[in-house]
C-alpha cells in the first residue's frame, strides 16, 4: 500500500523538519501583537514629535544637546548595523534556497547574485528612514512564512550539513568572521566611549529627565526599545539548549547595556565562525555546543 499514489499525499511523519515548521504557531501571533503594540506607540511618538518640533535641523540639535540623548542615538546606530548585517545574510540565504538552479548563486565561480542584494538594501534603507518598526515587520514576515518563531529567525537550524549554498567570494569563510569581529568590537568600543563620556559629563538622572522631556530624544529611546525587543527574541531563540544561565545573562546584557550587548553577541558569533562555517550556518542557526 505504501507505493500507491494516495500514500504519497500523506505527510512524511519520519521527516524531522515537519514538526518544526508547525510548532507553536501561536507564538508568531503573540510576538506580532507585541511588536505591533510597540510599533504603534513608537509611531505615535514620532507623529507627536513632528507636531512639536521639525526634524531638520532642530531634532538633531536637541538630541545632540544632551550627552545621554546622543548616547541613545549611538545605541540606535549600533542596533541598525546589526540588523542590516542579519538582513543581508538572511536575504542571501533565502535566495540560495529558493532557486539554486537559476544560476544566480555564483556556484560556478560567477558573479554574486544581485536580486537579493537589492531586497536587502531596500529593507536596510527603510530601517534607517523609518526605524525599528521596519525590523519588526521583517521579522514577523519571516516568522509567518516559516510558520514559527525559531524557524523564522533561524531557518538554517534544520538544514542538512552540506552547506547553505550561499554565494561568497574565495576565502569568504575566513573573511566574514574577521569583518564581523572587527566591526562589532569597534562598535562596542565606540558606544562604550560615548556612554563613558556621557556619564562623566552629565548625571544619569539628568540625562533621563532630558530624554523624557524632549520629544525626539524620547522617540529615539522608544525606537531602541523596539529594536532591542527583536534582538532579545533572536538571542533567546538562538541560545535555546545552550543553558538557561546563558540566556538570562544575555537578556541582562541587552537590558543593561542596550545594543552594546548586541555588539558583544555579534562578536561571539564571529568567534564561532572562525571554525570555518559559512555566515548563514552561524547567524541563522542555533549556537553550536562544544562536545
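Computed from the coordinates by the stated procedures, all read-outs in this text should not be read as laboratory data. Computed from a prediction, not measured in an experiment: that's the story for all the values here.
Computed values, structure above
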quantity	calculated
Potential extension, residue 61-residue 128 segment - 0.36 nm per residue separation minus Cα distance	22.3 nm
Longest to shortest principal axis, alpha-carbon extents of the stretch 25-283, angstrom	57, 38, 33
Semi-axes of the equivalent ellipsoid for the stretch 214-280, Cα gyration tensor, largest first, Å	26, 14, 10
